[in-house]
Amino acid sequence: MLSPTQIEKVVRLALEEDVPAGDLTCWAFVPQDAVAEAALVARQPGVLSGAEVFRTAMTALSPEVNVTLHRHDGARFSSGDRLASVRGPARAVLTAERVALNLVQRMTAVATLTARYVDAVAGTGARITDTRKTTPGLRALERHAVRCGGGHNHRFSLSDAVMAKDNHIGLVEDLSAAVAGARARLPHTTHIEVEVDRIDQIEPALAGGADTVMLDNFSAADLRRGVEIIGGRAVVEASGGVHLDTVGEIAATGVDVISVGALTHGVPAVDLGLDLTTQL
């Protein structure tokens with residue numbers, strides 16, 4: 001769950017960056033007693049994420065700003081739908097507008113793209129997960145957005161699990177011994193994942209005690225072979241070369257998890273706008 005503390009921290013830092021010493025435009029142009037009513041409107045279809053983030057950002061500068069949410073996280077919407085309504089002091093509403101939109105647009109984009117991947121593997125049993133390829137400072141929000149789109153989260157940080165990738169493996173002489181040594185040093189509750197890029201690395205990873213074996217940039221044929229070799233002895237994850245036009249074929253090979261960096265590192269924002277409906 002995305003906690004209020006996590007939301008408030010991101011919003012505070014974003015507002016400090018955008019409004020270090022007041023909003024000069026609002027100060028110069030907007031009467032101090034002006035009241036604004038506005039609507040968060042979708043310009044294109046998508047899956048909403050960040051409703052509470054939007055509310056927190058819009059209300060951060062004045063307790064007199066009220067936000068009514070018409071959709072909640074995980075809801076699908078169409079172009080033209082009103083997702084939220086805002087009413088309050090015009091200066092506070094307009095000053096917070098860009099931060100609120102930036103955050104909800106990005107989160108909604110992540111959720112929308114994730115939902116497309118989840119739909120593409122429906123019925124296969126494969127789980128779509130994110131990666132650590134997130135925007136610095138926004139990982140908690142982007143990970144929440146992945147869940148809103150029906151996906152799952154990989155390890156949150158380097159402190160959560162062992163994941164031996166190619167650069168780690170390149171520094172050891174015996175993969176099986178290295179994995180077994182890690183298992184001996186770690187608490188019994190720690191999950192160990194090993195990334196392999198060749199078929200012949202699978203058995204050493206399993207022999208060492210890997211809980212998950214990641215098959216990195218394998219062809220569909222090699223993925224099927226890898227699944228057969230592992231034979232249920234570990235979770236099978238596929239990574240690399242995953243796109244919307246390939247994910248269905250990858251899922252059909254029988255892998256358990258498909259990790260997709262594109263969910264967070266290259267997604268374009270979904271177009272949402274804050275339209276002023278009345279001003280008093």
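Could you check, for segment 44-61, whether at least one of its residues is within 18 Å of the chain's Cα centre (by Cα) and closer than 13 Å to Ala96 by Cβ?
Within segment 44-61, one or more residues are within 18 Å of the chain's Cα centre (by Cα) and closer than 13 Å to Ala96 by Cβ.
Take the residues in segment 1-38 that are among the aliphatic types (A, V, I, L, M), more than 22 Å from Arg55 (Cβ to Cβ) and not in a loop (DSSP other than H, G, I, E, B); name whichever of them is most open to solvent (accessible area, probe 1.4 Å).
My answer is Leu24.
Please go through segment 39-66 and give me each residue that is within 23 Å of Val10 (Cβ to Cβ) and open to solvent by 30 Å² or more (accessible area, probe 1.4 Å), ordered by number.
Passing the criteria: Glu52, Arg55, Thr56, Thr59, Ala60, Leu61, Pro63, Glu64, Asn66.
Considering (1) outside any strand (DSSP E or B); (2) farther than 24 Å from Thr212 by Cα; (3) modelled with pLDDT of 95 or more; (4) not basic (Lys, Arg), say which one Val267 fails and leave the rest.
The number of the failed condition is (3).
Any idea which of Arg143, Arg185, Arg147 is open to solvent by 30 Å² or more (accessible area, probe 1.4 Å), modelled with pLDDT of 95 or more and in contact with a helix residue (DSSP H, G or I) (Cβ under 9 Å, 6 or more places away or on another chain)?
On the way: Arg143 fails: open to solvent by 30 Å² or more (accessible area, probe 1.4 Å); Arg185 fails: in contact with a helix residue (DSSP H, G or I) (Cβ under 9 Å, 6 or more places away or on another chain).
Exactly one of Arg143, Arg185, Arg147 is open to solvent by 30 Å² or more (accessible area, probe 1.4 Å), modelled with pLDDT of 95 or more and in contact with a helix residue (DSSP H, G or I) (Cβ under 9 Å, 6 or more places away or on another chain), namely Arg147.
Could you please find all residues in segment 67-86 being surrounded by 15 or more Cβ atoms within 10 Å (Cβ to Cβ) and not charged (D, E, K, R)? Before you say what the answer is, go through the steps one by one.
Start the filter on segment 67-86 by keeping residues that are surrounded by 15 or more Cβ atoms within 10 Å (Cβ to Cβ), which leaves 67, 69-71, 73-75, 77, 81-86.
Across segment 67-86, the qualifying residues are Val67, Leu69, His70, Gly74, Ala75, Phe77, Leu83, Ala84, Ser85, Val86.
Filter segment 115-136 for residues that are of a type outside the set (S, T, N, Q) and either in contact (Cβ under 8 Å) with a residue 60 or more places away in the chain or in contact with a Cys (Cβ under 9 Å, 6 or more places away or on another chain) (or both) and give the result.
Ala115, Arg116, Tyr117, Ala120, Val121, Gly125, Ala126, Arg127, Ile128, Asp130, Lys133
What are the pairs, 6+ residues apart or on separate chains, where a residue within segment 199-223 that is within 26 Å of Thr246 (Cα to Cα) has its Cβ under 7 Å from a residue that is among the polar types (S, T, N, Q) and open to solvent by less than 30 Å² (accessible area, probe 1.4 Å)?
From segment 199-223, the pairs are Met214/Ser239; Asp216/Ser239; Ala220/Thr253; Leu223/Thr253.
List the number of the failed condition for Gly80; all other conditions in (1) part of a loop (DSSP other than H, G, I, E, B); (2) over 29 Å from Val255 (Cα atoms); (3) in contact with a helix residue (DSSP H, G or I) (Cβ under 6 Å, 6 or more places away or on another chain) hold.
Just one mismatch for Gly80, condition (3).
Would you mention how many residues in segment 161-178 are touching a residue at least 24 places away in the same chain (Cβ under 8 Å) and within 29 Å of the chain's Cα centre (by Cα)?
Adding up the residues that qualify gives 7.
The values are calculated or read from the model by the stated rules, or taken from the named source; none is laboratory data. No experiment lies behind these values; they were computed from the predicted model shown. Methodologically, a virtual Cβ is constructed for each residue, glycine included, from the backbone with ideal geometry; neighbour enumeration extends over all protein chains shown. Areas reflect the complete protein model, heavy atoms only, side chains present, ligands, DNA and RNA absent. Shrake-Rupley method; radii C 1.70, N 1.55, O 1.52, S 1.80 Å.
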